[in-house]
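**Q** Pasting in a structure now, in structure tokens, and then I'll have a few things to ask.
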Amino acid sequence: MQGLDVSTVVFIIIAAVIFWQLRNVLGKRTGNERPPFDPFANRREASGDSVGNDNVVTLPKRGENRSENYKGIDKVAKPGTAANDGLRAVRDAMSDFDPQQFVDGAKMAYEMIVMAFADGDRKTLGNLLSREVYEGFAEAIEAREKAGEVVQSSFVGVNKCEIVQAGVKDAEAHVTLRIVSQMISATRDKDGKVIDGDPEAVAEVTDVWTFARDTRSRDPNWKLVATEAED
């Protein structure tokens, strides 16, 4: 090793050892890391719409019938209805909007929100609710905690989830769903006595929830902006 003295060789060896230890501790990015979970994430990868270059813009083919864009909408809402017209407006404002994928995501979001409310999980609720709705949920959780009450819930599943209204106003897209679910739920007081619900019975619950998203924002997340329970 001409031109290298002993001290130089020692430093090279030490640097190599430090690099190897850092690599083992910190690891390396492989491209397979899981992104944060989003129940409304558009699964373009599965359909092949996104294939590697974010700078490529796909233009409609010459002579393409615009009605092709609404085929998915017609499957979830009858053509000519207010819901169908509203979904078409959402699709026009958001080219990546897929109503069936939205419904699937809404089912997951519904379960997450219901269980987070029962568990008093404010962090999860904060990610899925608008500020106004979150404040209402947080107040109810706080009142429950102060009274020493505990909610025990088991989510059975969603029996039905259908879009009943949709539209775009002031660049905000909104979609309203009627969700019929089954769950086991009971509230106990500080002494463990059941004061609401039944810990052994499956109850059917019908909710009307509205989700919204700012079409001008780069944030792809939809948030719950209104809730209503049906008797």
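**Q** Which order results if Y110, Y70 are arranged by neighbouring Cβ count within 10 Å, fewest first?
**A** Ranked by crowding around the Cβ, least crowded first: Y70, Y110.
**Q** Of L224, L129, how do they rank once you tally other Cβ atoms within 10 Å and put the fewest first? Mind dumping the intermediate values first?
**A** Values: L224 21, L129 24.
Ascending Cβ contact count within 10 Å gives the list L224, L129.
**Q** On a straight-distance basis, which lysines could pair with K146 in a cross-link, Cα separation under 30 angstrom, same-chain partners fewer than 8 positions away excluded?
**A** The reachable lysines, counting only those whose Cα sits under 30 Å from K146, are K123, K190, K193, K223.
**Q** Given 25 °C and 0.890 mPa s, how large is the Stokes-Einstein diffusion coefficient of the stretch 107-231 in µm²/s, with Rh as the Kirkwood radius over Cα pairs?
**A** So the translational diffusion coefficient is about 157 µm²/s.
**Q** A further question follows. Using all Cα-Cα distances in the stretch 122-194, what percent lands in each 10 angstrom bin from 0 up to the longest?
**A** The percentages, shortest bin first, are 15, 30, 38, 14, 3.
**Q** Let me ask you something else. Set the Förster distance to 41 Å, then compute FRET efficiency between E145 and A93 from the Cβ-Cβ distance, nearest 0.05.
**A** Computed FRET efficiency for E145 and A93: 0.50.
**Q** Give me Rg/Rg_expected for the stretch 61-130, where Rg uses Cα atoms only and Rg_expected = 2.2 N^0.38 Å with N residues. Intermediate results must be reported in sequence, preceding the final value.
**A** Values: Rg = 16.2 Å, N = 70, 2.2 N^0.38 = 11.1 Å.
Rounded to two decimals, the normalised Rg is 1.47.
**Q** Scan around A226 for amide H atoms under 5 Å from its own, H built in the peptide plane at 1.01 Å from N, and keep only partners 5 or more places away or cross-chain.
**A** Amide H to amide H, under 5 Å and 5 or more residues apart or across chains, A226 pairs with T210.
**Q** Starting at the first residue of the stretch 174-181, write each ³J(HN,Hα) from the Karplus equation 6.51 cos²θ - 1.76 cosθ + 1.60 with θ = phi - 60°, in whole Hz, x for Gly and Pro.
**A** Running phi through 6.51 cos²θ - 1.76 cosθ + 1.60 with θ = phi - 60° gives 9, 9, 10, 10, 9, 10, 10, 10 Hz.
**Q** Still on this structure: Could you line up D196, D98 from fewest to most neighbouring Cβ atoms inside 10 Å?
**A** D196, D98
**Q** Taking a cut-off of 16 Å between Cα atoms, list the lysines near K160, but don't count ones fewer than 8 places away on the same chain.
**A** The qualifying lysines are K75, K107.
Each value in this text was obtained by applying a stated rule to the coordinates, not by laboratory testing. For clarity, every value in this text was computed on a predicted model and none was experimentally measured. Don't worry about glycine lacking a Cβ; one is built from the backbone with ideal geometry, like all the others, and counts go over all protein chains shown.
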